[in-house]
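Take a look at the structure set out below.
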Amino acid sequence: MERPAWAPPGIDISVPSVSRMYDFYLGGSHNFEVDREAARKAMEFMPGLPKIMQANRAFMRRAVRHTVDNDVTQFLDIGSGIPTFGNVHEVARAADPAARVVYVDHDPVAVAHSRAVLEGVEGTAVVSADLRKPADILRSPEVTRLLDLERPVAFLLVAVLHFLEDHDRPYEAVAELIDALAPGSFLILTHASYEGIPSLEEQAGGTVGVYRNIRNPLVMRSGAEVARFFEGTELIEPGLVPLPVWRPESPVEEEDPHTFSGLAGVGRKA
């Protein structure tokens, strides 16, 4: 297999990557046949996966605009993945050109491509770090240079926490991040869940099996379990809801049924 210029040396391009599968779902070009094959297998059980990922991105854009409307213009996007159209910095800076964004990912492809795309873009930076180690993120040179943690920050965990199992201590990691941020900060979060899926749980479980087979377990948490991540913040209206229901900009009735297969919410630290 020929290695393209955007794939950094040292990564195994014969193994599927969650970031590149996500890129494929969104119609991107930074993925390999091994990623497409795994994504197609997952779609055999949940054909609406691309629609779910599009709904994730649409929610993210609405939430970012909401935080800018509330005078928060610093963003920490953890698990940011491979850059696609309508990234956080594009949405935020369209609303306020002074907005600053730090992207964080542990996938070397996502980090390398993000750095290439954002080279020369003022007010942005990319950190190679893992959500499991919040201190490494908060103390990184990029964060300390670009973000003022004494002022409110919006931090995003969009479609990432469901890749952390309980033994990874995801609740503790999120709590550590919330504790480190100033009052008025926002938590923007989405999470996979069996709640709202327009198919039998057993069928959707086939998709979970695909991710398990590529050694990236997909943890489907209940609404109550997802709500725990917001401890230390106050959920703003309409609360923790299916992706299209969070402050929609078009009639919810027109949304594909599969887009209700995930939970979204925004919390604000008092």
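When ARG57 is tested against (1) closer than 28 Å to VAL143 by Cα; (2) of a type outside the set (A, V, I, L, M, F, W, C); (3) touching a helix residue (DSSP H, G or I) at 6+ places or on another chain (Cβ under 6 Å); (4) in a helix (DSSP H, G or I), only condition (3) is not met.
Here's a check for you: in the stretch 111-129, which residue that is assigned to a loop (DSSP other than H, G, I, E, B) and open to solvent by 40 Å² or more (accessible area, probe 1.4 Å) is farthest from ASP35 (Cα to Cα)? It would help to see each step written out before you state the result.
First, pick out the residues of the stretch 111-129 that are assigned to a loop (DSSP other than H, G, I, E, B): 119-123, 129.
Then keep just the ones that are open to solvent by 40 Å² or more (accessible area, probe 1.4 Å); that gives 119-122.
On the way: GLU119: 26, GLY120: 30, VAL121: 29, GLU122: 32 Å.
Among residues in the stretch 111-129 that are assigned to a loop (DSSP other than H, G, I, E, B) and open to solvent by 40 Å² or more (accessible area, probe 1.4 Å), the one farthest from ASP35 (Cα to Cα) is GLU122.
Hey, can you tell me all the residues within the stretch 94-110 that are open to solvent by 10 Å² or more (accessible area, probe 1.4 Å), of a type outside the set (Asp, Glu) and over 25 Å from ARG65 (Cβ atoms)? Across the stretch 94-110, the qualifying residues are HIS106, PRO108. Considering only residues in the stretch 234-270 that are touching a helix residue (DSSP H, G or I) at 6+ places or on another chain (Cβ under 6 Å) and among the hydroxyl-bearing types (Ser, Thr, Tyr), the one that is surrounded by the most Cβ atoms within 10 Å (Cβ to Cβ) turns out to be SER261.
Determine whether the stretch 55-71 contains at least one residue that is in contact with a Lys or Arg (Cβ under 7 Å, 6 or more places away or on another chain), within 26 Å of PRO108 (Cα to Cα) and not aliphatic (A, V, I, L, M). The answer is no, given that none of the residues of the stretch 55-71 is in contact with a Lys or Arg (Cβ under 7 Å, 6 or more places away or on another chain), within 26 Å of PRO108 (Cα to Cα) and not aliphatic (A, V, I, L, M).
Taking first residues from the stretch 158-175 that are part of a loop (DSSP other than H, G, I, E, B) and partners that are not β-branched (Val, Ile, Thr), the Cβ contacts under 6 Å between residues at least 6 apart in sequence or on separate chains come to ALA159/ASN56; VAL160/GLY79; LEU164/PRO170; GLU165/PRO217. Here GLY86 meets the list (1) surrounded by 16 or more Cβ atoms within 10 Å (Cβ to Cβ); (2) within 14 Å of the chain's Cα centre (by Cα) almost entirely, failing just condition (1). Assess whether VAL91 counts as being open to solvent by less than 20 Å² (accessible area, probe 1.4 Å), touching a strand residue (DSSP E or B) at 6+ places or on another chain (Cβ under 7 Å) and farther than 24 Å from HIS167 by Cβ. Against the criterion (open to solvent by less than 20 Å² (accessible area, probe 1.4 Å), touching a strand residue (DSSP E or B) at 6+ places or on another chain (Cβ under 7 Å) and farther than 24 Å from HIS167 by Cβ), VAL91 does not qualify. Scan the stretch 68-83 for residues that are within 23 Å of GLY28 (Cβ to Cβ) and either touching a helix residue (DSSP H, G or I) at 6+ places or on another chain (Cβ under 6 Å) or among the charged types (D, E, K, R) (or both) and the total you get is 5.
Quick check on my filter: what residues within the stretch 176-196 are among the β-branched types (Val, Ile, Thr) and in a loop (DSSP other than H, G, I, E, B)? Reasoning before the result, please.
Of all residues in the stretch 176-196, those among the β-branched types (Val, Ile, Thr) come to 178, 188, 190.
Those that are among the β-branched types (Val, Ile, Thr) and in a loop (DSSP other than H, G, I, E, B): none in the stretch 176-196.
The values are calculated or read from the model by the stated rules, or taken from the named source; none is laboratory data. Remember, predicted model here, so these are calculated numbers, not experimental data. Every residue, glycine among them, receives a Cβ derived from its backbone with ideal geometry; neighbour counts consider all protein chains shown. With ligands, DNA and RNA removed, areas are computed over all heavy atoms of the protein, side chains included. Shrake-Rupley method; radii C 1.70, N 1.55, O 1.52, S 1.80 Å.
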